[in-house]
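First comes the structure, then the notes that go with it.
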Amino acid sequence: MGLAMDPNKVVPLRKRKVKAMDVDVEVRPQELVRKPYVLSDLEAEASLPEKKGNTLSRDLIDYVRYMVENHGEDYKAMARDEKNYYQDTPKQIRNKINVYKRFYPAEWQAFVLSLKNTMEVE
């Protein structure tokens, strides 16, 4: 191994030629379907809309409901609450409540209405 002014001239590289790939241009003959009911069931299942897989844990739902029931919108009091096991900050608690509102808007409205009704009764 020595020094060279132009290493490309000293050690020539073999240029590789890329061969064109043979592409199947001809169309395959239609295969015989032995069980058409299976095919139709699969097509029907594939055409169904996808289910929403995003849900919140039951613990988080109970946590949010407890905090709102006891503290309303006082996030600082929620942060000092003894049930705040993960020591969430007021901003983290507010974000958890907003996530609950976004995932379950109908449940949230019913919950807020039930809170207002219990406040009026007391």
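The values are calculated or read from the model by the stated rules, or taken from the named source; none is laboratory data. The structure presented is a predicted model; accordingly, all values stated were derived computationally and were not measured. Using ideal geometry, Cβ is built from the backbone for each residue, glycine included, and neighbour counts are taken over all protein chains shown. Side chains included, ligands, DNA and RNA excluded: accessible areas come from the protein's heavy atoms. Shrake-Rupley method; radii C 1.70, N 1.55, O 1.52, S 1.80 Å.
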Please work out which residue is nearest to Lys76 (Cα to Cα), limiting yourself to region 91-116 and to residues that are open to solvent by 90 Å² or more (accessible area, probe 1.4 Å) and over 27 Å from the mean Cα position of the chain (by Cα). Lys116
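Considering each of Arg28, Arg14, Arg34 in turn, give the residue that is out of contact with any Phe, Trp or Tyr (no Cβ under 6 Å at 6 or more places or on another chain), at pLDDT 80 or above, open to solvent by 100 Å² or more (accessible area, probe 1.4 Å) and not in a helix (DSSP H, G or I). Spell out how you get there, then give the answer.
Numbers: Arg28 fails: at pLDDT 80 or above; Arg14 fails: at pLDDT 80 or above.
The unique qualifying residue is Arg34.
Being touching a residue at least 12 places away in the same chain (Cβ under 8 Å) and of a type outside the set (D, E, K, R) is the filter here, so list the residues in region 85-96 that pass it. Let's see the steps before the verdict.
Within region 85-96, the subset touching a residue at least 12 places away in the same chain (Cβ under 8 Å) is 90-91, 93-94, 96.
Within region 85-96, Pro90, Ile93 meet the criteria.
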Just give me the residues in region 37-52 being more than 20 Å from the chain's Cα centre (by Cα) and either open to solvent by 100 Å² or more (accessible area, probe 1.4 Å) or of a type in the set (Asp, Glu) (or both), in sequence order. Tyr37, Asp41, Leu42, Glu43, Glu45
Can you tell me which residue in region 53-64 is nearest to Tyr104 (Cα to Cα), limited to those that are assigned to a helix (DSSP H, G or I) and open to solvent by less than 70 Å² (accessible area, probe 1.4 Å)? Ile61
